[in-house]
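The values are calculated or read from the model by the stated rules, or taken from the named source; none is laboratory data. If you're wondering where the values come from, they're calculated on a predicted model, not measured in any experiment. Neighbour counts run over all protein chains shown; Cβ positions are idealised from the backbone, glycine included. Side chains included, ligands, DNA and RNA excluded: accessible areas come from the protein's heavy atoms. Shrake-Rupley method; radii C 1.70, N 1.55, O 1.52, S 1.80 Å.
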Amino acid sequence: MNQKNFIAVLGNHYDMGCQQGERFAIDNQNTFRRILRLEGMRLVKPGVVPDFLFGYFLRKEVAKRWQKNIEIITPRQFERMKGISSGSGTDLEELLVVQALEVMADDVSLVMTGCFSAVFLPQRIDSNEVVAIKNFDFISEFKIDNLLRFSQPKGKLSSLELTYKQIAGSHDGINEKGLCVTYNYGLTTEKIQSRLPMTLLVQEILENCQTSEDALGVIRNFRYPNAAILTLADKNNNAVSIEITPDHIGIRKPENGFLVNTNFFIIDEMKKYDIPSAACYSNRAPKGIRGLRIHETNEKRYHRAMDIIKAKHKLNLDDLKGILTDHGDGFGSENTICRHGEFFSTQVSAIFYPSRRKALVSFGHPCEAGFTEYVF
């Protein structure tokens, strides 16, 4: 593991944020300018508006829509955000834009189609334990920002998290009690709302919950800004996926000992809230994805994984790595599990062992990089 991608933080949430901010100060200070240069942002910026003025209004609008909700609903995570801001010398409003980017993407026509995840019950794993795997796919320009963070918050549960250098939340992780959470982007026709970003909910679950049942209780008490698919697994060999839109929620349990998710809904009652299967990226999307059928990659990656898994009664570690590095019958592409798209690409891969409180993590395309082991 390149130590540039790892940090251990401890103390209260503000202190943890300061440690993260100080460590990655230069990266954090440059992020907002990089966001403004994203093709998706350039496409929505009125041509007559100067960059500095567009950036000013973007910061103010995001702060107006998001800051109060984060501060009220997850005050500890807001303290961590303030610490990151203070430690890195970065404007808090700029960090709010980064934190909210996962939701904003749908508003700027990026339509996130990222991530592959699966969870296996003991009967499907040769070591007879529950295992979760994850490929985190995101906008390729952000691959340098990925971070493995070990948080030891005062009075809360410690956790190992996959996140970004600039944010308080996390998109995947495992905590000291053996609870694992993974987050896939979802898609929906429902209106995006200015509510709590999903990565902050993931962080709250890791810090406060010991089992999948505990986490479900937290999830049911929230309302969400965007579509998402969360998967939970714990050391008691429980696993569940939760399909989420701003106004609806559905719960799916393993069939034949496993669950697989990409970025479309599987539950019958949730499918009607998904975008149509035939929907395509519009001319307002970046050039590399314009005209593509949005769900094409989601469906192909899902069915490829299902074929691999069904072909084996039990999977070993090499099989799990093989799924995460899979290129189908050819080279890596937009539609392979190990994703090599022009706009979206696999940036971090992980294998989580809840009963052993262990994670294997790989940065970059997993087909090109090895996995490093981390144990609580």
- Dipole-positive endmost among PHE150, PHE138, THR74 within the range 32-152 (Cβ charges, Cα centre): THR74
- When ligands, DNA and RNA are left out and all protein chains stay put, how many square angstrom of accessible area per residue does the range 199-352 have with a 1.4 Å probe? 41 Å²
- Message: Principal axis extents for the range 2-58, Cα atoms only, whole Å, descending order, please.
- Response: 46, 26, 15
- Quick one: Debye curve from the C-alpha atoms of the range 227-376, no solvent, what's log10 I(q)/I(0) at q = 0.14, 0.20 Å⁻¹? -0.81, -1.49
- FRET E, pair ASN221, TYR56, Förster distance 30 Å, beta-carbon r, rounded to 0.05: 0.25
- Taking the Cα centre of the chain as origin, sum charge times position over the Cβ atoms of Lys and Arg (+1) and Asp and Glu (-1), and report the length of that vector in debye to the nearest 20. 360 debye
- More than 28 Å apart - percent of Cα-Cα pairs taken over the chain: 40 percent
- Distant-in-sequence amide H partners of ILE337 (H built 1.01 Å from N, under 5 Å): GLY328
- Per the Debye formula with a single identical scatterer at each Cα and no solvent contribution, what log10 I(q)/I(0) holds for the range 285-337 at q = 0.21, 0.27 Å⁻¹? -0.79, -1.09
- What are the extents of the Cα atoms of the range 217-305 along their three principal axes, listed from largest to smallest and rounded to whole Å? 47, 31, 22
- Item | Nearest-20 debye value, the range 28-186 charge dipole, Cβ charges on Lys, Arg, Asp, Glu | 420 debye
- Message: Can you tell me which of ASN221, ASN236, ASN146 moves the most in a GNM of the chain? Springs connect C-alpha atoms under 10 Å apart.
- Response: ASN221
- Once you've got the GNM for the chain with C-alpha springs shorter than 10 Å, pick whichever of PHE264, PHE52, PHE78 has the biggest mean-square fluctuation. PHE52
- Query: Length gain on complete extension for the stretch LYS68 to ARG284, per 0.36 nm per residue less the alpha carbon to alpha carbon distance?
  - Reply: 74.7 nm
- Item | Residue of TYR164, TYR185, TYR56 that the Gaussian network model of the chain assigns the largest fluctuation, springs spanning Cα pairs under 10 Å | TYR56
- If you count, for each residue, the other Cβ atoms within 10 Å and average over each peptide, how do 294-307, 29-42 line up from highest to lowest? 294-307, 29-42
- Nonlocal amide H pairs with LEU315, under 5 Å, H built at 1.01 Å: ILE125, ASP126
- Task: For the range 236-288, evaluate the Debye formula with one uniform point scatterer on each Cα (no solvent term) and list log10 I(q)/I(0) at q = 0.14, 0.22, 0.28 Å⁻¹, rounded to two decimals.
- Result: -0.51, -0.90, -1.15
- Message: Can you give me the % of accessible surface on the chain that is carbon or sulfur? Probe 1.4 Å, all protein chains present, nothing else counted.
- Response: 49 percent
- Note on the structure: Of all lysine pairs in the range 200-342 that are eight or more residues apart or on different chains, those with Cα atoms under 22 Å apart total 17
- Cα extents of the range 63-205 along the three principal axes, largest first (Å): 50, 40, 28
- Item | Label-to-label distance, nm, for residues given as ARG37 and ALA311 (7 Å Cα→Cβ offset) | 4.2 nm
- In a shell of Cβ-Cβ distance under 12 Å around HIS313, excluding HIS313 itself, what net charge do Lys and Arg (+1) and Asp and Glu (-1) give? +2
